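Let me begin by presenting the structure, written as structure tokens, before commenting on it.
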Amino acid sequence: MADAVKISKDIDAKIYAMARDYYRDVKKGGQDTASEIKAMVSGQLDDGNASSLLVRIMPNPINPRLAAGWKVSADQKVWEIPTSELEKSRLL
């Protein structure tokens, strides 16, 4: 039986920061749609152990326009990052 995907606050923050940076770059380029990105994200689990996982960040598959929110996939889990999160300042 495979271990469940463990996402800590540290890793989650790195995923959101990566998605925000990519969203900003695409928007700055004047595009209305974006392609999927894949990256290895490393960080600390809440118990202090190091962890890495392959993450896919992609536009909403039903409506790939930037305003439709994005999906994140890590191993067997999928969740959404709403556009309001992508537009937040880096200072938050």
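If the condition is being surrounded by 10 or more Cβ atoms within 10 Å (Cβ to Cβ) and among the acidic types (Asp, Glu), then the range 32-50 contributes Asp32, Glu36, Asp46. Sub-6 Å Cβ pairs linking a first residue in the range 24-53 that is within 21 Å of Lys88 (Cα to Cα) to a second residue that is at pLDDT 85 or above and aromatic (Phe, Trp, Tyr), at least 6 apart or interchain, are Ile37/Tyr22, ordered by first then second residue. Checked against the criteria, Ser35 does not count as over 18 Å from Pro82 (Cβ atoms) and not in a loop (DSSP other than H, G, I, E, B).
All told, Lys71 meets the bar of being among the charged types (D, E, K, R), modelled with pLDDT of 80 or more and buried (at least 16 other Cβ atoms within 10 Å of the Cβ).
The values are calculated or read from the model by the stated rules, or taken from the named source; none is laboratory data. Computed from a prediction, not measured in an experiment: that's the story for all the values here. In this analysis, Cβ positions are derived from the backbone assuming ideal geometry, glycine residues included, and neighbour counts consider all displayed protein chains.
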